Amino acid sequence: MPRPIVVIGSSNTDMIVQLDRIPAPGETVLGGRFSTAAGGKGANQAVAAARAGGQVVFVARVGSDSFGNQALAGFATDGIDTRFVFRDSSVASGIACIFVDRNGQNSIAVASGANMRLTPGDIAAAEDAIAQASVVLLQLEIPLETVVAAVDIASAHRVPVILNPAPAQSLPDGLLAKVSILTPNEIEAGMLTGISVTDEISAKAAAQILRSRGVAAVIITLGDRGSLLSGCDHAAMIPAFKVKPVDATAAGDVFNGALAVRLSEGHSIEDAVQFASAAAAISVTRLGAQPSAPRRKEIEEFLGK
Ligand code: RIB
């Protein structure tokens with residue numbers, strides 16, 4: 001039985017409007033359909049990892065409000081250990097407003113609320129769980145100092161770290177040097193390196209820069225063109241699975257959650273990327289963040305086709 005996966009990050013409630021097209025600044029577009037779904041990059045990754053077969057401990061902060069209650073109920077349904085999901089009565093739970101267009105593309109605005117009050121002290125409270133983890137998975141919707149504290153603790157206990165640098169922000173080399181696998185999408189890879197990442201060649205160049213800053217391995221996700229995997233001895237493109245997109249929201253989160261599970265089971269990184277790509281492809285065919293995360297059986301059936 002693999003050791004637990006510790007996911008540290010944000011939890012949001014997503015307010016989704018599906019529209020023919022995303023409004024330009026100053027424009028009003030009618031005809032949308034509204035729904036809500038559980039979201040937040042950290043929570044999406046935790047749920048995706050749990051459904052993909054991982055034993056997940058989630059470290060997060062939510063408000064003492066109904067959105068926080070709903071989030072906790074959802075984590076319990078997915079069997080996630082929520083001992084380190086802290087409640088905060090001084091600020092609201094995080095929310096996101098998401099527009100999804102007819103091609104499944106989105107734009108997202110986030111009011112972080114309690115997510116930005118997750119402190120290094122909260123991470124220290126979870127140190128024993130981190131020390132026992134097979135892998136720690138993080139994103140950037142919580143304070144950077146908290147991310148740094150978590151990576152320091154994981155590194156001190158020799159626990160591998162996957163950092164999904166989303167949304168992108170500049171990162172200190174001291175942090176990158178402790179990251180085992182960095183998983184930007186093309187936009188994030190571009191923002192981190194100054195290279196416009198549009199294809200395999202530019203992705204390889206960006207990955208090389210990130211590796212020269214100390215990251216052990218880089219996986220750049222390029223949407224329906226697949227993923228560029230750059231490790232110490234090789235770089236390879238792993239193709240994406242072709243699906244009819246409904247909503248790309250959380251595809252990257254599902255990819256990261258499934259990746260962590262497969263790696264924690266001792267599979268190769270190439271195999272883990274393939275598994276994660278299948279999980280992400282399934283998620284793109286469904287509306288909403290956490291509702292779109294597939295279960296292990298579905299991923300295996302998809303891969304078997
Ligand atoms: O990655 C998708 C997520 O980003 C959404 O669920 C939203 O909450 C934002 O955090």
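No lab work stands behind these numbers, since they all come straight from the coordinates. Fair warning: this is a prediction, and the values are worked out from it, not measured in the lab. Don't worry about glycine lacking a Cβ; one is built from the backbone with ideal geometry, like all the others, and counts go over all protein chains shown.
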At a Förster radius of 51 Å, what calculated FRET efficiency corresponds to the Cβ-Cβ distance of residue 30 and residue 208, to the nearest 0.05? 0.60
Those trypsin sites (Lys or Arg not before Pro) in the range 133-220 that DSSP places in a loop and that have at most 13 other beta carbons within 10 Å: 158
Apply the a/c threshold of 1.5 to the C-alpha gyration tensor of the range 45-184 and tell me whether it is rounded, prolate or oblate. rounded
Separation in nanometres of the label points that stand 7 Å from Cα toward Cβ, at residue 300 and residue 17: 4.3 nm
Ratio of the range 255-301's C-alpha Rg to 2.2 N^0.38 Å, to two decimals? 1.08
What spacing in nm lies between the two simple spin-label points modelled at residue 132 and residue 168, each 7 Å away from Cα in the Cβ direction? 3.9 nm
Report for the chain the percent antiparallel among DSSP-assigned beta bridges with both residues inside it, nearest 5. 40 percent
Net dipole in debye of the chain [+1 Lys, Arg Cβ; -1 Asp, Glu Cβ; about Cα centre; nearest 20]: 360 debye
Using amide H atoms built in the peptide plane, which far-off residues or other-chain residues are under 5 Å from residue 240 H to H? 226, 227
Spacing of the two label points (7 Å from each Cα toward its C-beta) at residue 87 and residue 116, in nm: 2.4 nm
The distance between the Cα centres of the range 68-124 and the range 149-209, in whole Å, is 22 Å
If packing is taken as the average count of other Cβ atoms within 10 Å, what order do 214-220, 56-62 fall into, highest mean first? 56-62, 214-220
Among 63, 40, 136, which residue has its Cα furthest toward the positive end of the charge dipole of the range 38-172, with +1 on Lys/Arg Cβ and -1 on Asp/Glu Cβ? 40
If R0 is 41 Å, what FRET efficiency do you get for residue 201 and residue 102 from their C-beta distance, rounded to 0.05? 0.85
Between residue 145 and residue 267, what is the FRET efficiency for a Förster distance of 25 Å, r being their Cβ-Cβ separation, to the nearest 0.05? 0.15
With N set to the residue count of the chain, report its C-alpha Rg divided by 2.2 N^0.38 Å to two decimal places. 0.93
Anchor residue 305: lysines whose Cα lies under 22 Å away (excluding residues fewer than 8 positions away in-chain): 242, 244, 297
Please work out how much length the chain gains when fully extended from residue 233 to residue 124, using 0.36 nm per residue of separation minus the C-alpha to C-alpha distance, in nm with one decimal. 35.8 nm
